[in-house]
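Written below as structure tokens is the structure these notes are about.
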Amino acid sequence: MPAPLVLTFVSTVAFAIQLLIFAYLYSSHRVRFFQYLLVSWGAYTLSKGLKVIDVFLLNTDHPSFATEVATVAAVAFTLAAAFAHRWDYRLRGRDVLLGTGAAVLMGLASTNGGDASGHAVDVALGLVQMAAGVLFWPSRVGVTRCRGERLLAGLLTLWGVHRIVTQFMTIATGSTSYLAVHAVFITLYFLSTFAVIIMVLERARSESERLHDRLREAERLATAGELAAGMAHEIRNPLAAIVNATALLTDETGLTAEERSSTLAALRTEARRLNRILSDFLQLARPQQARRAPGDIREVVQHVSALIRDDRSRAPRVDVRVAVDPTVPRFAFDRDQVTQVLWNVALNGVEAMNGRGRLSLEVARKNDDVALAVSDTGPGIPSERLARVFEPFYTGKPNGSGLGLTIAERIVAAHGGRIEIDSAPGRGTRVTLLFPLEAA
């Protein structure tokens, strides 16, 4: 079998394999410009197959009318794909009819009009390919909408130049020049296929990121709705108590001095509770950005432990123990925010023990993290409650806002860390704050 025929047959098989790859990708990435390129690559494959038939059945090296029409259709759909990519163009019935007529006329001119007409048709097709390459180039200078655009644009332009240049060359079939020209064509085709695959996968990735962004936005709105519902539920009881207290206070004769004093105290308590709920909610809704600076976590632990020891109203009989690993290095963290988190977690432990028991604050290094652990000897947390401790407005304390651990989790996450809780009924609770040492 002659070398040119072997080359044509092998390239036809390769084109068919690439077409199958395009068809597989299109099944999950239905982009309009890719649809037209799929048809274009199908026409190129058909053109190569028809050329093999021309040689075997017609015993001629000149492309038949069907082969020429398939080639023209391939180039035309490449241009349609460029329009679709650039301006989201969509082929209409009129366009298909006009394109079919032009393909037939160009096919007739190439096969029946002599060498001059054939060369003119190929030059025109080369110019069309170059135009497609220009259209695939990113529309704004210096901005690439997705990877592969510039590569495909350059390859299509070179492909068009190659088609035009070969019309002005005298090449004997089977010669070294013939093989070189065909090798360049195959290389441009393969690289163009590679560029198209990159573009399709990149667009799919971009679409996936946009969908994830929309999902995160939907989750944020859903969370906002849950927070609003929780706020409405949490402020209902304090407001009801305040309304009842003010109703009692308007009755000048119905209250004794002691009852009036008790009612005013209850009014102040509920007002403070409302203020605390609103303050926590605002901090949750508008968290401050962590201003990290290198510091010593020991100072924070010693400060919080001193606050608990001095708070006799909340921790009258709490034994506070501090254990710090001296090998823990300094690292970057927001001192105020970490102090707030540690204070809230420690205070939860004190309240769980009803002001009596042992509270342990430990600092150690755990792999690439600093582990700040707070342990109490309280009753522990049941498993059904443990799974919900970070939910906004979920609390087991009668006067709690249910936002402390939610805020703590966000602050720790803003530092790139996480919170781990180990607890069970009857054996206390251990809360571990893990902060990365990457900025140490």
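The values are calculated or read from the model by the stated rules, or taken from the named source; none is laboratory data. Here the structure is a predicted model, which is why all the values come from computation and not from measurement. Here the Cβ positions follow ideal geometry from the backbone for every residue, glycine too, while neighbour counts run over all protein chains shown. The accessibility values were calculated without ligands, DNA or RNA, using every heavy atom of the protein model including side chains. Shrake-Rupley method; radii C 1.70, N 1.55, O 1.52, S 1.80 Å.
Of everything listed in (1) farther than 24 Å from I198 by Cβ; (2) under 39 Å from the mean Cα position of the chain (by Cα); (3) surrounded by fewer than 20 Cβ atoms within 10 Å (Cβ to Cβ), the single unmet condition for L97 is (2).
Every residue, every condition in (1) modelled with pLDDT of 90 or more; (2) open to solvent by less than 30 Å² (accessible area, probe 1.4 Å); (3) over 21 Å from S110 (Cβ atoms), yes or no:
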{"site": "V123", "(1), (2), (3)": "yes, no, no"}
{"site": "G126", "(1), (2), (3)": "yes, yes, no"}
{"site": "M130", "(1), (2), (3)": "yes, no, no"}
{"site": "G142", "(1), (2), (3)": "no, no, yes"}
{"site": "G148", "(1), (2), (3)": "no, yes, yes"}
{"site": "L152", "(1), (2), (3)": "yes, yes, yes"}
{"site": "L155", "(1), (2), (3)": "yes, yes, yes"}
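Show the residue pairs meeting these rules: Cβ distance below 6 Å; 6+ apart or different chains; first residue within region 411-432 and more than 15 Å from N344 (Cα to Cα); second residue loosely packed, with under 14 Cβ neighbours inside 10 Å. Hits for this filter: P425/P382.
Taken across region 331-343, residues that are more than 34 Å from the chain's Cα centre (by Cα), in a helix (DSSP H, G or I) and of a type outside the set (K, R) do occur, with at least one present.
Could you list, in sequence order, the residues of region 167-208 that are part of a loop (DSSP other than H, G, I, E, B) and open to solvent by 70 Å² or more (accessible area, probe 1.4 Å)? Residues satisfying the conditions are F168, M169, T170, T173. For the residues L264, L307, L282, L278, the requirement of being open to solvent by 30 Å² or more (accessible area, probe 1.4 Å), modelled with pLDDT under 90 and farther than 30 Å from P382 by Cα singles out L264. Only one of the numbered conditions (1) small (G, A, S); (2) modelled with pLDDT under 85; (3) open to solvent by less than 20 Å² (accessible area, probe 1.4 Å); (4) touching a Phe, Trp or Tyr at 6+ places or on another chain (Cβ under 9 Å) is not met by G355, and that is (4).
Contact map, region 309-323: residues that are closer than 17 Å to N344 by Cα paired with residues that are part of a helix (DSSP H, G or I) and charged (D, E, K, R), Cβ distance under 7 Å, separation 6+ or inter-chain. Pairs shown: V320/R309.
So, in region 32-71, of the ones that are in contact (Cβ under 8 Å) with a residue 60 or more places away in the chain and open to solvent by less than 30 Å² (accessible area, probe 1.4 Å), which residue ends up farthest from the chain's Cα centre (by Cα)?
Initial filter on region 32-71 (in contact (Cβ under 8 Å) with a residue 60 or more places away in the chain): 34, 37, 41, 44, 61.
Now narrow it down to the ones that are open to solvent by less than 30 Å² (accessible area, probe 1.4 Å): 34, 37, 41, 44.
Details: F34: 23, L37: 28, W41: 32, Y44: 37 Å.
Per the stated criteria, the residue is Y44.
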